[in-house]
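Have a look at this one before I ask anything.
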C-alpha cells in the first residue's frame, strides 16, 4: 500500500508538470475568476457544486456534464438596479478536451459565434464559451438593449482572468477542411454510436454530394485501448454479417442501424477512424487524409 | 432533500397535474418521499420518477456499477409511481429499460444487489457538504476544509488545489496522530481521521512539484 501510495503521488506530480498552464487555471477555488463589473454588485460569494450535488443546480442535465469529467462549478450572481441580473457559471472539467466536449454538445451549429475565450456564442440572454479546461455560461435577465454588450463585457472579463492562449483539442485539426460543415466538430466522451465500449470520439459533419456524413475519430488511451474498441465493433458486426477488408479498411453493416450505408473503419495507432459511406473509394480517401494529418501532428507514427 | 416538501406544496397549490420527483433506492429519505408520493397520487396528481438510477455507480470513482435493472424495478414496484424517466445512451441500456417494461418484478436476488453498498462497505469519495462534522472534533480541527482538500487530491487529482485548500485550514500540526478514537461521525460514513491523515502528507510535497 505504501509503495502504491508513493507511486500515486509521484505519478500525479509528474502528470501535473506535463499539463499546460492553461489547463490548470487557478488552484483551489475559482473565486478570482469572477470580475468586478462596473455598475453591478456581486450578490454573494460563489456557490460551489461538486459532481455529487451538481444535479441540485442543473437537475437532469448534470449527467451530461459528469460524462465530461466535470469537477466543480462555481456560480456568482450580479445585480444592477431592481430587475437587471447576471449569472456567471464556471464549470471546471478535467481537461481541455472535456471542456470542449461539453461546449460542443450545447453549441448550436448556426449561431452568432464570438471570439471570447477560445470560442463562444451569443444568443439573447446567453453567452457561453470554453477556454482551457473551463466552460463558462453567462446569462442575463432584463438587460434590454444592453443585452449583448453586457454579456460580452462580462464574459470577456472572465476569459481574461482564465488566462492562457485559445487552443482547440489538437485532434480536431486532423479533420480535412474540404466539405466540413462549420461548427459541427464535437467530442463525444462516452457511448459513441450507442455502444458502451466505444468512447472518446471526435466527430465532424461533412457535406458530401448534398448529403451530410458524420466522420468519427476515436481516440484510445493508448494503442491497446484503441485496438480493444476496434475489435469490439468489428467483432459485433461480424456476428450478424460479413466484414470485408480492403487496404486495411473494414467495411460492414452496423447491426443496430438501418441507415443502409456500411461503416468504413480503420485503426491507426491509438486512433480509430470511421464513417458510414457506400462509396468505398471516397471513404478510403477521407480516412487516408485524416491519418496523414494525424502523422503530420505527430499523433501517430 | 426537500422533495416531500415540494410535492406537498404542489398538492396544496391545486395548480399542478403532474409531479416529476427524484426517487430512488439510495435516497436516505426515501420513506418520506414515498409518503409524499402517496399523498400526491391520492390527490389525483400523476407521478413521474426521475434520478431512478441513483448515480449508476456505488462509488465516485465509477468502478462499481449498481444493478440498473434492479434500481429501476425498485422504483416501479411503487404503484403510486405512474412512470419513470431513466434515460439511456447505449443500445444495451435501452434493452435493459425495455426488459423492465416486460417484467418489472423485483426478484430477491435483485433486492440483495441493491443492498450491496451495506454488504461491501463501499463509500463515496465526495463530501456532501452537510457540515454535520463541524464542531465534532474536540481539538477544533477544520474538518470540512481538510476533507475538501482530500477530495481535490484523490478525487480530482489536483495537487495544487489540494495543497492550497489544506493551507486554508491553517493547521500545520494536526492533533489526529496523537488523538485516541476519533469521535467524528460522518453521515456518509467517511473515515474522517484516516482521510485527514492521508491528506496531511501534502504539506511535505514541495511546491516545485506543483505547477
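At q = 0.23 Å⁻¹, what log₁₀ I(q)/I(0) does the stretch A:118-175 have when each alpha carbon counts as one equal point scatterer in the Debye sum?
-0.87
Right, something else. Cα convex hull of the stretch A:55-207: how many Å³ per residue?
Once divided by residue count, the hull of the stretch A:55-207 is 124 Å³.
Using the alpha carbon gyration tensor of the stretch B:143-209, what are the three equivalent-ellipsoid semi-axes (square root of 5 times each eigenvalue), largest first, in whole Å?
For the stretch B:143-209, the semi-axes come out at 20, 14, 9 Å.
While we're on this one: What residue among A:188, A:275, A:236 shows peak mean-square fluctuation when chain A is described by a Gaussian network model with Cα springs under 10 Å?
In the Gaussian network model the winner is A:236.
Over chain B, what is the relative contact order in whole percent, taking alpha-carbon pairs under 8 Å and six or more residues apart?
Once divided by the residue count of chain B, the mean separation gives 15 percent.
Send over the per residue convex hull volume for chain B, Cα only, as a whole number of Å³.
So the per-residue Cα hull volume is 168 Å³.
I would also like to ask the following. The protein assembly as shown: percent of C-alpha pairs farther apart than 39 Å?
So the pairs more than 39 Å apart make up 35 percent of the total in the protein assembly as shown.
Could you check the spin-label model distance between residue A:247 and residue B:104? Points 7 Å from the Cα along Cα→Cβ, value in nm.
Here the answer is 5.3 nm between the modelled labels.
On C-alpha positions alone, give me the angle between the axis of helix A:96-106 and the longest principal axis of chain A, in degrees, nearest 10.
90 degrees
Assuming R0 = 51 Å, what is the FRET efficiency of residue B:85 and residue B:204, from their Cβ-Cβ distance, to the nearest 0.05?
After rounding, the FRET efficiency stands at 0.60.
Additional query: Per the Kirkwood definition applied to all pairs of different Cα atoms, how many angstroms is the hydrodynamic radius of the stretch A:170-296?
Across the stretch A:170-296, the inverse of the average 1/r is 14.5 Å.
Each value in this text was obtained by applying a stated rule to the coordinates, not by laboratory testing. This is a predicted model, so every value here is computed, not measured. Cβ coordinates were reconstructed from backbone atoms using ideal geometry, including for glycine residues, and neighbour counts include every protein chain displayed.
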